[in-house]
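No lab work stands behind these numbers, since they all come straight from the coordinates. The structure presented is a predicted model; accordingly, all values stated were derived computationally and were not measured. Cβ: placed from backbone, ideal geometry, glycine included. Neighbour counts: every protein chain shown.
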Amino acid sequence: MIGNIKKSTFLKGSIQEYIYLSYLYLLILGTLSYSIFYSFLGINIIKYSTLLDILLSPIAILTENIKIPLFIIGYLSLMFLFIWWLQKRIKKKLKKEIPKEKELKLKKHYTFLQSTKFLILIISTLGFYIGYAIGQGLELNNTIKNRDFKVNKLIEFTDGKMQKVKLIELNSLYIFYVLENEKKVSISPISGNIKTIHHIEQSD
């Protein structure tokens, strides 16, 4: 009978366990993608980041471009829809009179598909973020080496000095940028050092 299908082990945890695992997964995801991206710039980003910076880095990537979350949602939706279709077929077969051995085999397959949903979610997001970090890190590194970038920010320091820069990123503690006509990334603390950051309009 369909009602005797066992739940996947992924569905047996408590809410607290799911929260803890989600927190741990975000930490791993943020650490990997963050570290890989900045490694192409010769920076050990962990030394310049707080735990909150690392946890929020996956979310920051999603908000950079609307196409990114749309792609992920679209891909996962197609995969989950396919699994739902397979499970629906299994349920139809279980409603019929079938040998006990085949019934047990179908139930195991159904339970496996339940677990597959979580594995797809974990592996797909991990693969996306690592691939994104490698691609963006390589592209940015080449752009800086070839000086093929335009300055987009004007940083005003507390001592009155002003610098036109290509802003790479900023977190809660530091700002990462490339000075005009430079080929390396500079790092400056924000607190007590940066007064304002002005946007520079790009001309065609």
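Angle, helix 100-145 long axis vs. longest principal axis of the chain, Cα atoms, 0 to 90°, nearest 10?
10 degrees
With the contact rule set at Cα under 8 Å and sequence spacing of 6 or more, what percent relative contact order holds for the chain?
22 percent
Mind giving me the FRET efficiency for H109 and L76? R0 is 22 Å, r the Cβ-Cβ distance, nearest 0.05 is fine.
0.55
Quick one: if the Förster radius is 35 Å, what FRET efficiency do I200 and L24 give, using the C-beta to C-beta distance and rounding to 0.05?
After rounding, the FRET efficiency stands at 0.30.
Hey, what's the Kirkwood Rh for segment 2-145 if you take every pair of different alpha carbons, in angstrom?
18.0 Å
For the cross-link pairs K47/K166; K67/K184; K67/K92, which exceed 31 Å when the distance is taken from alpha carbon to alpha carbon?
Table pairs above 31 Å Cα-Cα are K67/K92.
Rounded, prolate or oblate for segment 73-184? Axes are the square roots of the Cα gyration tensor eigenvalues, ordered a ≥ b ≥ c, and the cut-off for rounded is a/c under 1.5.
Prolate, because a/c is 1.5 or more and a/b exceeds b/c.
Between G131, G42, G30, find the one with the highest GNM mean-square fluctuation for the chain; connect C-alpha pairs within less than 10 Å.
G42
For L62 and K161, what is the calculated FRET efficiency with R₀ set at 25 Å and r taken between the beta-carbons, to the nearest 0.05?
Between L62 and K161 the formula returns 0.10.
Residue by residue through segment 182-187, what is 3J(HN,Hα) from phi via Karplus (6.51 cos²θ - 1.76 cosθ + 1.60, θ = phi - 60°)? Round to whole Hz and write x for glycine and proline.
Ordered by residue, 3J(HN,Hα) equals 9, 10, 9, 8, 9, 10 Hz.
Compute the angle between helix 51-62 and the longest alpha-carbon principal axis of the chain, please, reported from 0 to 90 degrees and rounded to the nearest 10.
That works out to roughly 80 degrees.
Sort out for me the Cα centre separation of segment 41-110 from segment 131-193, rounded to whole Å.
What the calculation gives is 35 Å, centre to centre.
Tell me the angle of helix 15-39 to the major Cα principal axis of the chain, expressed in degrees between 0 and 90 and rounded to the nearest ten.
40 degrees
Arrange the peptides 153-159, 111-117 so that the one whose residues have, on average, the most other Cβ atoms within 10 Å appears first.
Listed from highest to lowest mean packing, they are 111-117, 153-159.
Given labels modelled 7 Å from the Cα in the Cβ direction, how far is it in nm from K100 to S186?
It works out to 7.8 nm between the two label points.
So how strong a dipole does the chain carry about its Cα centre when Lys and Arg Cβ are +1 and Asp and Glu Cβ are -1, to the nearest 20 debye?
Result for the chain is approximately 1700 debye, rounded to the nearest 20.
Which one of S57, Q87, S39 has its Cα pushed farthest toward the positive end of the charge dipole of segment 29-97, where Lys and Arg give +1 and Asp and Glu give -1 at the Cβ?
Checked the options; the winner is Q87.
Pull up all non-local amide H partners of I200: gap of 5 or more, or a different chain, and H-to-H distance under 5 Å with H placed in the peptide plane.
K153, L154
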